[in-house]
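Read through the structure below, which is laid out as structure tokens, and then see the notes.
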Amino acid sequence: MSRQAQPSLWLSDIRAVVFDLDGTLAHSNPDFPAIRQALGLTAGQDILAHIAGLPAAEQADAMATVHHYEMAASHQAEWIGGAAELLQFVQQIPLPTAILTRNMRQAAQLTLSRLGLSVDVLLTREDAPAKPDPAGLIHIMQIWQLAPHQVLYVGDYLFDLQTAHSAGCRSALYCPEGKPDYGDLADLLVPCYFEFIDLWRGAE
């Protein structure tokens, strides 16, 4: 089914939901500009890809910088408006839920603990190749034994849409500040989680 299809035509087919974490469920994004400045990167440069390309002797120090900022952000994590209600709605349908994040496991678990957030599966970059590699999402589908069209991935950034597209899954882009340049890659644009819940409820 094309991305132009009305969500009401496919939302009822969804059998599981995978969420990004930082910027999607929680206000817990690390200070990426500060990380890039500390590592000598330009705006928009992929931090993890840069570190992976460094000599082995330099990778540990670079990753320690990333860890510092990730943990600092997780210590201040708060729910994004409507995210808790969306997660509760999905879990009460009931559908299985997962989180697939580029964050480190320690920081992700801290965010979940602060928010009292619980999902069936949590995969971090320590468990699977970092997004936009679709391996983590494919692994989650294998756990649940679901076809790609039955899984919805909810995220807030280009990497999330690329991951869902590569895995063959549906994608919803949380974009409260308006449609970004890459918004056309999403099956559904979500400026407000409460409106998304109403839309989904109407498609059941």
Of Pro94, Pro148, the only residue that is at pLDDT 95 or above and touching a Cys at 6+ places or on another chain (Cβ under 7 Å) is Pro148
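Can you name the helices (runs of 4 or more DSSP H) wholly within the stretch 1-83 that have at least 3 residues being surrounded by 15 or more Cβ atoms within 10 Å (Cβ to Cβ) and in contact (Cβ under 8 Å) with a residue 40 or more places away in the chain? Step through it out loud before you land on a result.
On the way: elements: 32-39, 47-52, 56-75.
Result: 56-75.
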Given (1) in a helix (DSSP H, G or I); (2) farther than 23 Å from Gly168 by Cα, Val90 misses just (2)
Among the residues of the stretch 140-160, is any closer than 22 Å to Gln45 by Cα and free of Cβ contacts under 8 Å to residues at least 60 places away in the same chain? yes
Inspect the stretch 90-105 for any residue being over 19 Å from Val18 (Cβ atoms), of a type outside the set (A, V, I, L, M) and open to solvent by less than 50 Å² (accessible area, probe 1.4 Å) and give the result as yes or no.
-> no
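The values are calculated or read from the model by the stated rules, or taken from the named source; none is laboratory data. Note that the structure is predicted; figures quoted are calculated from it, not measured. In this analysis, Cβ positions are derived from the backbone assuming ideal geometry, glycine residues included, and neighbour counts consider all displayed protein chains. We work out accessible area using only protein heavy atoms, side chains counted, and drop any ligands, DNA or RNA first. Shrake-Rupley method; radii C 1.70, N 1.55, O 1.52, S 1.80 Å.
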